[in-house]
1. Please identify the pairs in which a residue from segment 171-199 that is on the phi > 0 side of the Ramachandran plot has its Cβ atom under 6 Å from the Cβ atom of a residue that is part of a loop (DSSP other than H, G, I, E, B), counting only partners at least 6 apart or on another chain.
2. Considering segment 167-210 alone, what residues qualify as being of a type in the set (D, E, K, R) and more than 8 Å from the ligand (Cβ to nearest atom)?
3. Could you look through segment 336-358, keep only residues that are over 23 Å from the mean Cα position of the chain (by Cα) and of a type in the set (A, V, I, L, M), and pick out the one that is surrounded by the most Cβ atoms within 10 Å (Cβ to Cβ)?
4. Restricting to helices (runs of 4 or more DSSP H) lying wholly in segment 126-201: which have 2 or more residues that are of a type outside the set (A, V, I, L, M) and touching a His at 6+ places or on another chain (Cβ under 9 Å)?
5. Residues that are farther than 21 Å from E117 by Cα and at pLDDT 95 or above: list the helices (runs of 4 or more DSSP H) wholly contained in segment 61-103 that include at least 3 such residues.
6. Kindly list the number of the only condition in (1) closer than 29 Å to G154 by Cα; (2) part of a loop (DSSP other than H, G, I, E, B) that fails for G265.
7. Within segment 64-97, count every residue that is more than 24 Å from L136 (Cβ to Cβ), surrounded by 14 or more Cβ atoms within 10 Å (Cβ to Cβ) and in contact with an Asp or Glu (Cβ under 7 Å, 6 or more places away or on another chain).
8. So the check is Cβ under 8 Å with 6+ separation or different chains; which pairs have a first residue in segment 255-266 that's at pLDDT 95 or above and a second one that's hydroxyl-bearing (S, T, Y)?
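The values are calculated or read from the model by the stated rules, or taken from the named source; none is laboratory data. Please read these numbers as outputs of a predicted model, since none were measured by experiment. Positions of Cβ are generated from backbone atoms using ideal geometry, with glycine treated the same way; all protein chains shown enter the neighbour counts.
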Amino acid sequence: MTTHPATTHPASAHQTAVTDEGTAVPAGGALFDAAPGGGVPDPDRVLRLINGYWATGVLGAAASHRVFTHLAQGARDAAQVAGRAGISERGAQTLLDGLVSVGLVRVEAGVYRNTAEAATYLVEDSAVSLSAFAKLKLAHMGALTDLPQVVAAGGPITDAVVEVADNPHWQELVKAIAPQSVPAARLATTVLGIEQAGPITILDVGGGSGIYSAVWLAANAQARAVQLDWQPINAIARRLMDERGLGDRFTCIDGDFHTTDFGSGGYDLAVYSHIAHQEGPQANTEVFTRLRRALKPGGALLVCDYVVDDDRTGPGFPLIFASEMLLKSHQGSTWRAQDYRDWLTKAGFTDITLHSAPPATLVVAR
Ligand SMILES: C[S@@+](CC[C@H](N)C(=O)[O-])C[C@H]1O[C@@H](n2cnc3c(N)ncnc32)[C@H](O)[C@@H]1O
């Protein structure tokens, strides 16, 4: 039996459809019948999700044209944003409308302003600015069209990009993601008592831009840090640390952390941030075991990652981030709190605590 819509508004509680046999039935079938109060849910949220790439696009384009920075510096409307950004007024108005739609900009009496979130995270040149990341994710968007096949296959159908040794993906990524680790690194400074810890030595495995070393060496003038990463990434970190005047206490080891020796009893603190999600249970347990050996007695391991609740009910960001790892890795995922406890216990750690640093979690193991 096929049906033909007999009304125009799909959300109408009173709509009907007509069967080939001419019988009128409520459109929506089971959904219509099951909805509380006899109505159907509003489709707005589902339509927004189906078209979620509009938000990524508008946000990425606004970041590319520094719209949030122009608003912060006093642009008040589309004409002024267009003038400052060197873009069309029609384009500027469309971006502003889209940004109002997603709640990043508000308009009052024709004057546009950043919301508090946009002012904090999307204006450029702040330590926590996600503006570069918004531009990068726009470029990543096309890869999602592979997701139906990736889900069917249970893993990447092209390169497992995070597993390809020493590849350009990381060079694009590490500077753009560094601001995301700033709040976590600052919280860890307090949780681990880094400011008062004296002449400590830190090992950062997969340190990327060197953001943890930057925050911690700035907080503790006696601390020294060693970063293990691929050579081109270490070169980026070295440059950034030199720019911050911290380069004299920062050294690098070039190589693959799966195979490079971490040594024995040499470090007060080790950090493994946003790496566990690219690895499987066995590799994470192995790395934790080798890090335990690399620590001095009483030393601490800090793991920072998107950690899923044990019953998989949340939090939202870690749950959906797993799709990124399905696309890009053979073994990676967002792991549950209990997974981290199990692996760290197997590795020989006995004191494990979790600290919320949304959307990430800090896992401290001693
Ligand atoms: C997602 S970034 C995390 C950077 C940093 N830890 C942070 O939290 O901001 C992952 C980093 O791990 C490095 N990496 C990934 N696989 C690696 C491997 N097998 N050996 C060495 N470094 C690796 C990448 O080059 C990149 O710098």
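1. G198/Q222
2. Here is the first cut: in segment 167-210, the residues of a type in the set (D, E, K, R) are 172, 175, 186, 195, 204.
E172, K175, R186, E195, listed by residue number.
3. Among them, the one singled out is L344.
4. Hits in segment 126-201: 168-191.
5. Details: elements: 67-72, 78-85, 89-101.
Where helices (runs of 4 or more DSSP H) fall fully within segment 61-103 and carry at least 3 residues being farther than 21 Å from E117 by Cα and at pLDDT 95 or above, they are 78-85, 89-101.
6. Single failed check for G265: (1).
7. Qualifying residue count for the region: 2.
8. G266/T201
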